[in-house]
Amino acid sequence: AGIGKCVALELARRNARTILACRSQERGQKAVEEIRAATGNPAVLLRLLDTSSLASVRAFAQAVLREEKRLDVLVNNAGLTGLPFSVTPEGLERTFATNYVGPFLLTNLLLG
């Protein structure tokens, strides 16, 4: 939704192979279908990613590096705010992990 979906839509319009990395399978699949319908680009894919989970970030990065020939653009757009205090299984405050640590780790893992 929001900025992330707009960016993905514009990349797909430019005929880019576009991977939507989403926490929700249901919402992500709906966005993929809408973008494919709007652009006619079948190369819009959904991959699940929860940037608050370092294990999820590592698994996602490994899959991208294994499955994709190259990565030209990475848009880190995950973010949340206003949640009650909670801690991830790795011991990080969830908002900090989602908004900063997860995207930082993902970027560094994908740099190669």
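Table: residues versus (1) assigned to a helix (DSSP H, G or I); (2) within 24 Å of Val101 (Cβ to Cβ); (3) of a type in the set (D, E, K, R); (4) open to solvent by 100 Å² or more (accessible area, probe 1.4 Å).
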position	(1), (2), (3), (4)
Ile3	yes, yes, no, yes
Val7	yes, yes, no, no
Leu20	no, yes, no, no
Glu33	yes, no, yes, yes
Leu45	no, no, no, no
Thr51	no, yes, no, no
Arg58	yes, yes, yes, yes
Ala63	yes, yes, no, no
Val73	no, yes, no, no
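If I go through the stretch 1-43 residue by residue, how many of them are of a type in the set (Ser, Thr, Tyr), under 23 Å from Phe104 (Cβ atoms) and in contact with a helix residue (DSSP H, G or I) (Cβ under 8 Å, 6 or more places away or on another chain)? Residues flagged as of a type in the set (Ser, Thr, Tyr), under 23 Å from Phe104 (Cβ atoms) and in contact with a helix residue (DSSP H, G or I) (Cβ under 8 Å, 6 or more places away or on another chain) within the stretch 1-43 amount to 1.
Within the stretch 93-112, being hydroxyl-bearing (Ser, Thr, Tyr) and under 24 Å from Ala12 (Cβ atoms) holds for one residue alone: Thr107.
For the stretch 9-18, enumerate the residues that are part of a loop (DSSP other than H, G, I, E, B) and open to solvent by 60 Å² or more (accessible area, probe 1.4 Å). Across the stretch 9-18, the qualifying residues are Arg14, Asn15, Arg17. The condition of being touching a residue at least 40 places away in the same chain (Cβ under 8 Å) and touching a helix residue (DSSP H, G or I) at 6+ places or on another chain (Cβ under 7 Å) holds for only one of Leu83, Leu71, Leu109, Leu46, that being Leu109. Taking the criterion of being over 19 Å from Ala8 (Cβ atoms) and either surrounded by 16 or more Cβ atoms within 10 Å (Cβ to Cβ) or in contact with a His (Cβ under 9 Å, 6 or more places away or on another chain) (or both), the residues of the stretch 75-92 that qualify are Thr88, Leu92.
The values are calculated or read from the model by the stated rules, or taken from the named source; none is laboratory data. Predicted model only: the values in this text are computed from it and were never measured. Every residue, glycine as well, gets a Cβ built from its backbone with ideal geometry; the counts of neighbours run over all protein chains shown. Areas reflect the complete protein model, heavy atoms only, side chains present, ligands, DNA and RNA absent. Shrake-Rupley method; radii C 1.70, N 1.55, O 1.52, S 1.80 Å.
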